[in-house]
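> One structure, as structure tokens, below. Some questions next.
Derivation of every value follows stated rules applied to the coordinates shown; laboratory data play no part. Everything quoted here is computed from the prediction, not taken from an experiment. Positions of Cβ are generated from backbone atoms using ideal geometry, with glycine treated the same way; all protein chains shown enter the neighbour counts.
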Amino acid sequence: NRGYASTASSLTGSNLYRRGAIYPTLADMVGGAPKAGLARWVVVEAYPLFAAMGAATILCAFQVTRHTFFHPDVRIYKEGRASGTLDNHDEGNKFKDHALRRFLRDQSVQIFPAINKSMSG
């Protein structure tokens, strides 16, 4: 028998897992009674995942908003769409050369420049 349950009545209860059966109950897997509602899904181990997903969502929302409202080729209003093909190279260059790009242009491309300098001699 090797500890496996033989009848349907013995398949219930949390001692099934302790007797060496293949399928543990939910109470055995979570270490007690199952949590109710949102407490089951909000666990401390998932906080880094929540932070990463929140940051990615905010970044995507920022990019979509920026491109929808400020890109020179996107014309939301009717008078902008009626003008046809635009020759707006200056506006396009202004959109491309935003403040973050200007800031990063002057920065070093190394991650740890002080360590790299000390290690290279």
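> Need one number: nm distance between label points at residue 78 and residue 57, each 7 Å from Cα along Cα→Cβ, rounded to one decimal.
My value for the distance between the label points is 3.7 nm.
> Working out 0.36 nm times the residue gap between residue 112 and residue 100, then minus their Cα-Cα distance, what length gain in nm do you get to one decimal?
2.3 nm
> Another question about this same structure. Could you give me the ³J(HN,Hα) list for region 59-74, computed from phi with Karplus coefficients 6.51, -1.76, 1.60 and θ = phi - 60°, whole Hz, x at Gly and Pro?
Calculated HN-Hα couplings, in order: 4, 5, 4, 4, 5, 5, 5, 4, 6, 5, 9, 10, 5, x, 8, 8 Hz.
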